[in-house]
Structure formats: structure tokens, C-alpha cells
Amino acid sequence: MTGPGPFAEKLLAAVRDRTGIAPLSDEQELDEPTALEVQDAVVQARIDGGARLVGAKLGLTSRAKQVQMKVDRPLYGWLTDDMQIDTGQTVVCGDYIQPRVEPEIAFLLGRDLEGPHITASHVLAATEACFGALDVLDSRYAGYRFTFNDVVADNASSAGFILGGTAIDPYGIDLRLTGCVLEKNGELAHTAAGASVMGHPAAAVAWLVRTLAARGKGLEAGHVVMAGGMTEAVAVAPGDTVVARFDRLGSLEVAFR
Ligand code: 0L1
Ligand code: MG
């Protein structure tokens with residue numbers, strides 16, 4: 001099997017059939033350049049199907065997530081408009097394979113961001129507003145069993161995202177200190193502060209921009225960027241409700257059926 005095509009086809013079929021597959025690397029060696037080509041192919045297939053690119057997500061930017069997934073490096077994927085879940089919308093678990101939810105801090109960019117020397121300060125200067133957010137992720141690999149390159153190919157488990165209704169000027173808040181309490185079915189699940197994400201969520205976004213620059217890519221004004229799970233993700237099933245309470249960024253609640 002060569003090139004991204006057959007690998008991308010397997011991942012797209014998993015989404016269509018809502019059935020987890022074995023890691024691509026079980027079959028054949030998958031190196032990082034090929035994994036990135038597969039990622040591009042699965043995102044392009046969504047766009048060819050009518051979706052619009054609206055931003056990017058970081059994954060595995062916190063120690064909690066790296067420990068949970070046994071992968072010790074951050075990665076990124078892309079967000080399309082068909083992934084956005086409206087506030088108050090009940091999420092149908094059957095639309096996914098094995099959904100999980102995690103709290104994140106999101107950035108809405110007011111200016112393009114690209115280049116190999118971007119820092120957290122540049123990210124803050126280019127940000128129109130920050131939001132509390134929930135990532136509804138879904139691995140196309142059964143049981144979330146994958147290597148780093150497998151999950152890169154799978155567009156960083158991108159599936160759904162919810163933006164909170166409270167927009168904050170990034171200069172009016174110290175995102176390192178933004179606390180988050182994650183509850184599932186009324187019980188405390190996890191807590192974290194923004195600094196859990198690479199020291200500062202804006203530093204995670206800066207890492208993304210520098211990483212994209214090496215591939216001749218960048219982020220655009222209007223893009224939403226999710227900085228990565230602050231805590232471990234929680235698995236969800238029909239009947240579950242997840243609430244994320246952020247300091248100063250408001251609360252988000254999502255119900256699953
Ligand atoms: O948790 C995972 O599926 C690993 C990929 C990163 C996804 C994320 O952190 O949003
Ligand atoms: Mg995430």
C-alpha cells in the first residue's frame with residue numbers, strides 16, 4: 001500500500017460506517033510525512049464534500065492528555081464547519097464511533113498568523129477573542145489505540161467542537177490562570193488551569209504556527225484555534241451530560257443522547 005489514498009480511504013470509511021478500525025501502522029510502517037499527507041487527504045475529502053475549513057486544533061498539549069494517550073508530543077489537525085456543534089444542541093452519540101469530551105481554550109484570530117518565529121505574544125496580538133470550548137473528539141481507531149503518526153493521519157481525532165458564549169479580550173485575561181472545572185453527570189471529573197497547556201495556551205498556538213510554517217502553511221484571520229485539552233478527556237454515552245466551568249470564560253454544557 002503506497003501514498004495517502006488507501007490510508008485516507010480507510011479513515012473516511014470508518015467515519016462513514018461509524019466503526020473503529022485497526023491502527024494504520026498495524027498494517028504497514030507509517031512515517032510522519034505520509035501521516036501528514038493522509039491528514040491532508042481526509043480534510044480535503046470533507047472539503048470536497050461541501051465542508052469549509054474554519055480553523056485548527058491542537059492535541060496532546062497538556063501533560064494530562066499525553067499521559068492519558070501515552071503519546072508525548074503535541075500534534076495538530078484541522079476543523080471544518082460541519083464539526084461545529086451549537087450551544088444547547090444535544091449530541092447524538094450514534095453520529096460518532098466512541099466520543100470523548102475535553103475542555104479547551106479557543107482563539108478566534110483577527111489577523112493571519114504565519115512564520116517560523118511566531119511567539120505567544122504574536123498570537124495574543126493577532127487574537128480577536130478567546131473562548132472556553134469543548135472538544136468532542138472521536139478516534140477512528142477502535143479503543144483509541146494508535147501511535148503518534150496514526151493519530152496525525154486521523155486529523156488529531158477531530159470530530160466536533162463547541163464554542164462558549166463568553167468572548168474575552170486576550171489582553172484582559174491571564175490565560176495561564178484560567179481555571180476549569182469539568183463535570184460529568186453532576187460529578188467532578190477533572191480540574192486544570194490554562195498553564196497546563198504548554199505553559200500558556202497562546203504558546204501552544206504559537207507552536208502550531210511555527211510547525212505549520214515548516215510545511216509552508218499558516219493560519220488565517222477568522223480561524224478558530226483550539227489549544228488542546230486542559231484535562232484528560234471523558235468518555236460519553238447516551239444520557240450523559242458534561243459541563244465545563246471556566247473562570248471568566250463562562251460555562252458550557254452539552255447533553256448526549
Ligand atoms: O485524544 C486523542 O484522541 C489524541 C489526539 C489528540 C486529540 C485531542 O487532544 O483533541
Ligand atoms: Mg482536544
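Read the figures in this text as sums done on the coordinates, not as results from a lab. Since we're looking at a predicted model, the values are computed, not measured. All Cβ positions, glycine included, derive from the backbone under ideal geometry; neighbour counts span all protein chains shown.
List of remarks:
- Check: segment 3-133 dipole with +1 on Lys, Arg Cβ and -1 on Asp, Glu Cβ, in debye: 440 debye
- Sparse-neighbour loop sites [trypsin sites (Lys or Arg not before Pro); segment 13-95; at most 12 other C-beta within 10 Å; DSSP]: Arg52, Lys70
- Residue order, fewest to most surrounding Cβ atoms within 10 angstrom, among Met83, Met230: Met83, Met230
- Helix runs (DSSP H) in the chain reaching 15 Å along axis by Cα, Kyte-Doolittle at least 0.5: 201-213
- Top positive-direction residue, dipole computed over segment 139-257 with Cβ charges, set Phe161, Leu177, Tyr141: Tyr141
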